[in-house]
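Enquirer: Take this structure first; my questions come after.
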Amino acid sequence: EREYSFSGIIGQCKEIQELFALVRSIAQTDVTVLIQGETGTGKELIARAVHYNSQRKGKRFVAVNCGALSMTLLESELFGHEKGAFTGAIGQKKGIFEAADGGTLFLDEIGEAPLALQALLLRALETGEVQPVGGGPVRRPDARIVTATDADLDQLVADGRFRDPLRHRIATYELLVPPLRERRADLGL
């Protein structure tokens, strides 16, 4: 395991070892990272490896699946909300952006994020500011953004289902995780 494993990812083939080297390299920066690969290739493990090999490893790694929640719920989860912002908002709640302050925010299945939320994410990434649902003071959390998808974002942009400026903003650096069928040397491991 010590010889062939990297942050829980096992592999000795050339492609995976090159991926490990890229992860180590980009972990030393604060650039946004887009991790692409098929379902089950270990995109979240790669995101965690970026976090735990970075200067931010002492802070939180917070993951959210953008395809698992409705637009309203996702907006509230990401940005927080003020008391009375909607039915059931009985108090102020910090969002995931703030929870990841100083650490890493992992947005899984970014390709499934609703267009309206994509606009809010783009603004947050461009300005570094988030505003809770229902108003309240603007906040400036310092969270590194790592995203992942198994979707072809270029095709989603062409289909009008993903915002091109957001696609460029989240992909300062892109990592492709090869499926195991392309890493036959790793099957034994």
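The values are calculated or read from the model by the stated rules, or taken from the named source; none is laboratory data. Owing to the predicted nature of the structure, the values given are computational and were not obtained by experimental measurement. Methodologically, a virtual Cβ is constructed for each residue, glycine included, from the backbone with ideal geometry; neighbour enumeration extends over all protein chains shown. Side chains included, ligands, DNA and RNA excluded: accessible areas come from the protein's heavy atoms. Shrake-Rupley method; radii C 1.70, N 1.55, O 1.52, S 1.80 Å.
Enquirer: Looking at this structure, is LEU153 within 18 Å of ILE35 (Cβ to Cβ), open to solvent by 40 Å² or more (accessible area, probe 1.4 Å) and modelled with pLDDT of 85 or more?
Expert: It is false that LEU153 is within 18 Å of ILE35 (Cβ to Cβ), open to solvent by 40 Å² or more (accessible area, probe 1.4 Å) and modelled with pLDDT of 85 or more.
Enquirer: Select from region 1-19 the residues that are among the hydroxyl-bearing types (Ser, Thr, Tyr), out of contact with any strand residue (DSSP E or B) (no Cβ under 6 Å at 6 or more places or on another chain) and modelled with pLDDT under 75 and list them in ascending order.
Expert: Passing the criteria: only SER5.
Enquirer: Let me ask you something else. Give all pairs with beta carbons closer than 7 Å in which a residue from region 118-133 that is part of a helix (DSSP H, G or I) meets a residue that is exposed (fewer than 15 other Cβ atoms within 10 Å of the Cβ); count only pairs at least 6 apart in sequence or on separate chains.
Expert: LEU122/PRO165
Enquirer: So, one more: Criterion first (under 29 Å from TYR52 (Cβ atoms), open to solvent by 30 Å² or more (accessible area, probe 1.4 Å) and aliphatic (A, V, I, L, M)) does LEU120 satisfy it?
Expert: yes
Enquirer: Considering only region 149-167, I want to know if a residue exists there that is of a type in the set (Val, Ile, Thr) and within 18 Å of ALA100 (Cβ to Cβ).
Expert: Among the residues of region 149-167, not one is of a type in the set (Val, Ile, Thr) and within 18 Å of ALA100 (Cβ to Cβ), which makes the answer no.
Enquirer: For residues that are surrounded by 15 or more Cβ atoms within 10 Å (Cβ to Cβ) and either without any contact (Cβ under 8 Å) to a residue 40 or more places away in the chain or among the hydroxyl-bearing types (Ser, Thr, Tyr) (or both), tally how many sit in region 25-36.
Expert: 2
Enquirer: Only residues in region 43-72 that are free of Cβ contacts under 8 Å to residues at least 40 places away in the same chain and open to solvent by 70 Å² or more (accessible area, probe 1.4 Å) count as the first member; pair them with residues that are in a helix (DSSP H, G or I) and not basic (Lys, Arg), Cβ under 8 angstrom, at least 6 apart or cross-chain, and list the lot.
Expert: As it stands, the answer is LYS57/HIS51, since those pairs meet every condition given.
Enquirer: Follow-up question, since we're still on this one. Just checking, how many residues over region 84-95 are open to solvent by 20 Å² or more (accessible area, probe 1.4 Å) and modelled with pLDDT of 75 or more?
Expert: Selection size over region 84-95: 2.
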